[in-house]
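Asks: Structure provided below as structure tokens; questions to follow.
The values are calculated or read from the model by the stated rules, or taken from the named source; none is laboratory data. As the structure is a computational prediction, the values presented were derived from the model and not from experiment. Reconstructed Cβ throughout: ideal geometry from the backbone, glycine too, with neighbour counts over all protein chains shown. Just so you know, the surface numbers come from the protein's heavy atoms only, side chains and all, with ligands and any DNA or RNA stripped out. Shrake-Rupley method; radii C 1.70, N 1.55, O 1.52, S 1.80 Å.
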Amino acid sequence: MSDTQAIQAEAGPAPLHGLLAEYDNPTALVRAAKKVRDAGYAHWDTFTPFPIHGIERAMGIRMTRLPWLVFVAALIGLANGVLLQFLTNAWDYKWLVSGKPFWSWPANVPIAFEMTILYSAFAALGGMLIFNNLPLPAHPLDLKERFARVTDDRFFLLIEARDGKFDEVDTRRLLESTEPLLLDEVLEDRVTSDKIPRALIYTLIVAGAASLVPFAAFTAARARHSEKPRIHAIWDMDFQPKFKAQRANPLFDDNRAMRKPVAGTVATGALRDDDHMYRGRVGDAWATTYPAGVQVTEETLRVGRDKYNVFCAPCHGFAGEGDGMVHKRAETLGQGWVPPSNLHQEYLRLQPVGELFNSITNGVRNMPAYGPQIEPDDRWAIVMYVRALQRSRASGLGDLSEAERSGLK
Amino acid sequence: MAQPKHKKDMVADSGHAGDYVDDSIRLGDEANGLFRIAAGIGVVGIVLAVVLGGGLTHQQFQHSYLTAFMWGLSIGAGALWWVTLQHLVGARWSVAVRRVGELLAHSLVLMALLSLPVVVPMLLGNDSLYRWVSHEYMASEHVLEGKAGYLNVSFFAVRCVIYFGFWALMARYFLKASVAQDKSGDTSLTARMGRASPLTMIGFALTLTFCAVDFLMSLDAIWFSTIFGVYYFSGCVLAVHSAMVLALIWLQRKGHLVRSVTVEHYHDLGKMMFAFTAFWTYIAFSQFMLIWYANIPEETHWYHMRLEGAWWPATLALAILHFPVPFFGLMSRQIKRNKTTLALGAVYLLVIHWYDMYWLVAPNLHKEPVFHAADFAAWVGVGGLIVAFVVWKARSVNLLPTKDPRLQRSLAFENV
């Protein structure tokens, strides 16, 4: 410290930086701060060993604008987090992960959330530093030996000379009226620079530029083709000692990497032990009734119609007459074609529902099996709809109610 | 032991231990009026719920009542957690409002009684709420056979006794010790409550988790989510801070605690409300995302029920009304420091927390979201009974822990 002071003295008399008042308790400081605030000074500050409640009101300090900065940064972070994932997963490099859509919002939330927090934290720290004019490597008060007690048990108030209202006589009188322990002049520090060292700034710029090099390298690599084998940065991840699905594995007799399930294994919900429901059989004969799980309702009929129109109508026709679009096209091509059955033929009308169900499930003649494509209850719904179609062409007076019959006459 | 040092610290903390507090700290006649009204509303509400819900054992009543019960329980359980937390960390800011928290926690004694309409029918073999009560149902699913050792009525009843016994015991302990200090001014009581708090906190975490699993998660006996207890807990924290804000505003409007409880206390309560809307979302989303990602049928069906078809708009509404709306609504400092806007926020959170409970319970009964009249009757009923019970107890105690060694720090507390 004394060395610095010697250098300062050699440099000649320094201009006045401001007036410093010293107090020994926070109450006195707050009282003084109110006076200075009311006198209308702008460039002044207080210094205390610990935070004092209410000092910002006593000093007339506005609420900080930092939250708004943080909020805007948070929104940018959120947008960037979403955009980053959209660009990488859904646009530039689509990669199917466990059957999920390329772009599905739940997967994006954690990273978008983290980016929001990250940007907020950076904005809060950076904004705090900027709003407080930090970092400040040197301050004229550093030269005041008494000022060291600000970290211990003394409270200070400094009015800077650059303030428009500053007047050596008036300001001194104002501070004296606050009854400080001591009132002292603070001189400018003409030796220590209060600027951030150039070397540090250049280092940061170079480091910042250097941190972009890997990204530039990645971008360059993506734009070029290379004949060389790929680089394996992490060997035990790229070459794992395991057998993958559908590969050969010499450890087993059958050379399969995948093990077959134990005989008789049934997947969850795939137990098909109800003969009536799944095979249309009751005992040794075709079922003549619908299984217990199938409700004979209009809703089921509607499902049956929808499924019929999708799976059956292309060949059998919408009305079941065996005149679907596929059939018509095959006829015009004339290359030999076994026409699909007209569902209104007598033998089909008399067939038990179980047999119809079986035909749909396993196919018949050159009609393919639809069991793998259509759920069992939907197949039953189709059977029900086919029965309704058949009935519509083979109804008699007996199907009408008394009232309807008399209406006809 | 560091005991003597600890005690000395506390005396140093207080400065003015046992000072006379210049404020109204006893409820007057207005409390009798509120007690009668609340009790009346409570009884009428419950009776209406039974009638409208089709009787005590009817599915509709049982579901409506469970929704209301879990809503009410979250206030008391949240309050016990809050009081324990204040002792655990030796909080100073909250001493001026702690008695209100202690009184709210004391409502757990009432909640023990109010659990009977759920537990007793179950004990008698009624499976209108919990399908796992029926043996046929438990035998129908292979998965459930493994759970039978836990999901059976007798063990359920034993667990209920543990939960409500523990909560009522601790709630009464914290209130009684605090009230005893009002008379004796014995600062060692503060130290004793501080020592009781860590184990209470651990016990609370376990009991609340299992309680949420038993009462809410087991509505769907196949489904499971390990974070479910935390999900319910987040609602408890929201509920208790909202309830405390409303209770304090009512007290101050009646002329009590007007000098002791300042805008700084409201601000801090508001901050907790704000923070825990985000916490709720964090937990709710964590639960959802892991299940969505893993895509395992026995986990996804619970969400499938709520995300497909008629329940989807209701689920979307919950997500929006429980997160962005209160989050941005409570974000501003001005809103938290203004009693009117903070009260609005508190009422809003209590309502939306009920909707959250409804969203957990009702899909168990209805294929689409229908608000039954019994839902509201039970809600108002449980709410009324809690208010009546808390006011009834509050009449006989101080509204401020007058001789707490940290009280002066709380009275002078300021947010920077």
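Asks: Heavy atoms only, 1.4 Å probe, whole protein assembly: order B:281, A:64 by accessible area, highest first.
Replies: A:64, B:281
Asks: Turning to a different aspect of this structure: Excluding residues fewer than 8 places away in the same chain, name every one of the aspartates and glutamates whose C-alpha is closer than 20 Å to that of residue A:242.
Replies: Result set, ordered by chain and number: A:253, A:254.
Asks: Please give me the summed charge of the neighbours of residue A:309: other residues whose Cβ is under 13 Å from its Cβ, Lys and Arg +1, Asp and Glu -1.
Replies: Value of the local net charge: +1.
Asks: What FRET efficiency do you get for residue A:248 and residue B:310 if R0 is 35 Å and r is their Cβ-Cβ distance, rounded to the nearest 0.05?
Replies: For R0 = 35 Å, the calculated efficiency reads 0.10.
Asks: While we're here: Return the distance in nm (one decimal) between the two label points of a simple spin-label model at residue B:294 and residue B:124, each offset 7 Å from Cα along Cα→Cβ.
Replies: My value for the distance between the label points is 3.9 nm.
Asks: Next question. About its Cα centre, what dipole magnitude does the protein assembly as shown give when the only charges are +1 on Lys and Arg Cβ and -1 on Asp and Glu Cβ, stated in debye to the nearest 20?
Replies: 460 debye
Asks: In region B:248-324, if the dipole is taken from +1 on Lys/Arg beta carbons and -1 on Asp/Glu beta carbons about the Cα centre, which of B:323, B:279, B:260 is farthest to the positive end?
Replies: B:260
Asks: What does the charge count around residue A:64 come to, taking other residues whose C-beta lies under 15 Å from its C-beta (Lys +1, Arg +1, Asp -1, Glu -1)?
Replies: Here the charged neighbours net out to +3.
Asks: Translational D (Stokes-Einstein, µm²/s) of chain B at 20 °C and 1.002 mPa s when Rh comes from the Kirkwood sum over C-alpha pairs?
Replies: Diffusion coefficient, whole number: 96 µm²/s.
Asks: Among B:103, B:161, B:143, whose Cα projects farthest towards the positive end of the dipole of region B:46-175, with charges put on the beta-carbon of Lys, Arg (+1) and Asp, Glu (-1)?
Replies: B:103
Asks: Residue A:228: which aspartates and glutamates have alpha carbons under 18 Å from its alpha carbon, excluding same-chain residues fewer than 8 sequence positions away?
Replies: Qualifying aspartates and glutamates at Cα under 18 Å: A:238.
Asks: Related question: 7 Å from Cα along Cα→Cβ at both residue A:278 and residue A:399: what's the point-to-point distance in nm?
Replies: With each label point 7 Å from Cα toward Cβ, the separation is 3.5 nm.
Asks: A further question follows. Which value, in Å², gives the accessible area per residue of region B:27-410 when a 1.4 Å probe is used on the protein heavy atoms?
Replies: Here the residues of region B:27-410 average 38 Å² of exposed surface.
Asks: On the protein heavy atoms, probe 1.4 angstrom, tell me the percent of accessible surface of the protein assembly as shown carried by carbon and sulfur.
Replies: 63 percent
Asks: Check the straight Cα-Cα distances from residue B:176 and name the aspartates and glutamates below 18 Å, setting aside those fewer than 8 residues away within the same chain.
Replies: Residue B:176 reaches B:102, B:186, B:404.
Asks: Taking the highest mean first, how do the peptides A:245-251, A:293-299 order by number of other beta carbon atoms within 10 angstrom per residue?
Replies: Those peptides, ordered most packed to least, come out A:293-299, A:245-251.
Asks: Just to be sure I understand the interface: list residues from region B:277-324 that lose 20 Å² or more of accessible area between the chain on its own and the complete protein assembly, 1.4 Å probe.
Replies: The answer is B:282, B:285, B:288, B:289, B:292, B:293.
Asks: Let me know the Rg and Dmax you get for chain A when you use only its Cα atoms, in Å.
Replies: Answer for chain A, Rg first and Dmax second: 44.3, 131 Å.
Asks: For each pair in A:100/A:244; B:339/B:403; A:35/A:165, compute the distance between the two Cα atoms and list the pairs where it is over 25 Å.
Replies: Distance filter (> 25 Å) returns B:339/B:403.
Asks: Once you treat every alpha carbon in the protein assembly as shown as an equal point and sum by Debye, what is log10 I(q)/I(0) at q = 0.05, 0.06 Å⁻¹?
Replies: Each listed q corresponds, in turn, to -0.48, -0.66.
Asks: Suppose every Lys and Arg Cβ carries +1 and every Asp and Glu Cβ carries -1, with no other charges. What dipole size does region B:126-220 come out with about its Cα centre, to the nearest 20 debye?
Replies: Rounded to the nearest 20 debye, it is 620 debye.
Asks: On to the next question. Could you list the GluC sites (Glu not before Pro) in region B:123-207 that lie in coil according to DSSP, counting only those with at most 11 other Cβ atoms within 10 Å of their Cβ?
Replies: none
Asks: Each residue of region A:261-273 in order: what ³J(HN,Hα) in whole Hz does its phi give by Karplus 6.51 cos²θ - 1.76 cosθ + 1.60, θ = phi - 60°, with x for Gly and Pro?
Replies: For region A:261-273, the Karplus-derived couplings read x, 4, 3, x, 5, 10, 5, 3, x, 10, 6, 10, 9 Hz, x marking Gly and Pro.
Asks: Mind checking the full-extension length gain between residue A:84 and residue A:185? Use 0.36 nm per residue of separation minus the Cα-Cα distance, one decimal, nm.
Replies: 30.8 nm
Asks: Then there is this: Kindly provide the pair-distance distribution of region A:13-209 built from C-alpha pairs, with 5 Å bins from 0 and whole-percent values in order of increasing distance.
Replies: Once binned at 5 Å, the Cα pair distances of region A:13-209 give 1, 7, 11, 12, 13, 11, 9, 8, 7, 5, 5, 4, 3, 2, 1, 0, 0.
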